[in-house]
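Written out below as structure tokens is the structure these notes cover.
Each value in this text was obtained by applying a stated rule to the coordinates, not by laboratory testing. Note that the coordinates shown come from a computational prediction; the quantities given were computed from them, not determined experimentally. Neighbour counts are summed over all protein chains in view; Cβ atoms, including those assigned to glycine, are modelled from backbone coordinates with ideal geometry.
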Amino acid sequence: MRVLVTGSSGHLGEALVRVLGRDGIDVVGLDVLPSPWTAIVGSVADRAVVRRAIEGVDAVVHAATLHKPHVGSHRRQDFVDTNVTGTLNLLEEAVATGVGRFVFTSSTTTFGRALTPPAGAPAAWITEDVVPVPKNIYGITKLAAENLCELVHRSHKLPCLILRTSRFFPEADDSKETRNSYEDDNAKVNEFLYRRADIEDIVSAHVLALQRARSIAFGRYIVSATTPFTRGDLQELHTQAAAVVRRYAPRYGDIYAARGWKMFPAIDRVYINERARADLGWQPRFDFAAVLTRLANGDDFRSPLARAIGSKGYHDVAFEDGPYPT
């Protein structure tokens with residue numbers, strides 16, 4: 001099988017090219033930036049580039065995107081060009097050349113305002129059935145791209161699976177308050193409870209999506225670490241998160257205390273990956289319990305793949321007030 005991976009110079013794209021290539025798959029990488037993982041340098045917004053890249057391809061994994069951290073540095077039109085026009089180019093060329101399956105990397109950012117419950121309300125229980133309410137141009141264009149995937153699937157029967165990934169990036173948090181209040185690793189480990197995944201698990205979900213796309217035909221899936229929480233925890237999570245965590249992971253307090261870490265006082269949403277596990281046969285390895293075990297053993301909580309790729313950043317310049325322009 002020959003697979004086109006877009007965004008191949010990026011964090012997820014490189015990981016996908018590494019793993020697919022290791023598994024003996026013929027991979028073609030496409031990105032606007034050159035790298036050892038990119039065979040074709042060009043933009044998905046350029047139809048001619050896409051047409052050349054997709055020639056002879058059996059499947060597409062579309063990971064190229066402008067991200068949330070680009071909202072303050074790029075025009076809205078740039079987001080439309082890359083995230084919407086680029087996706088449409090790939091979908092239409094996939095249909096024209098007979099590509100057999102299409103996997104689109106989306107984001108839980110598409111849920112937008114649905115992720116933040118009002119004061120006094122329980123934490124939000126986020127499944128694929130929650131109606132997205134995007135709150136920035138990134139979320140709007142990712143949702144539009146998802147809808148294009150569904151349109152092309154319905155019109156042309158292109159098997160297409162959409163993976164709404166939660167946080168897996170290694171860069172510093174975009175919240176100044178979080179950066180000032182928590183060590184970076186502390187904040188990221190906290191997030192494995194409800195809104196983060198390791199890139200190894202993100203990649204394994206994409207590989208399974210490639211394998212299952214034809215039999216499933218179309219689907220949207222939340223891809224995030226498996227949470228220990230239940231619906232019955234939601235009210236307390238939004239007010240006393242540490243007490244809830246202690247019930248599920250009694251040893252976390254000692255492990256955290258040894259590092260001077262602390263739990264978030266409140267958790268406002270919980271991502272549910274049940275559908276991805278059921279339909280894709282996905283078995284994520286890195287959840288909060290597994291991460292705690294690695295910490296207790298003196299190991300890095302990140303997977304070997306995450307450590308190998310490291311941090312790429314989103315901009316080639318530094319900003320005075322944080323890692324991203326606001």
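Just to be sure I understand: if I project the alpha-carbon convex hull of the chain onto a plane and average over all orientations, what area do I get in nm²? The partial results should precede the final answer.
Numbers: hull surface 64.1 nm².
Answer in nm², one decimal: 16.0.
Among PHE229, PHE102, the ranking by other beta carbons within 10 Å of each residue's beta carbon, starting with the fewest, stands as PHE229, PHE102. Rounded to the nearest 20 debye, the dipole size of the stretch 2-309 about its Cα centre is 360 debye, using +1 on the Cβ of Lys and Arg and -1 on the Cβ of Asp and Glu.
Note down the relative contact order for the chain as a percent, whole number, built from C-alpha pairs under 8 angstrom at least six residues apart.
On the way: 607 pairs, mean separation 60.0, N = 326.
Relative contact order, the chain: 18 percent.
In terms of other Cβ atoms within 10 Å, SER215, SER311 run from fewest to most in the order SER215, SER311. Among LEU295, LEU20, sorting on how many other beta-carbon atoms sit within 10 Å of each Cβ, with the fewest leading, yields LEU295, LEU20. Each other residue within a Cβ distance under 13 Å of VAL189 adds +1 if Lys or Arg and -1 if Asp or Glu, for a net charge of -1.
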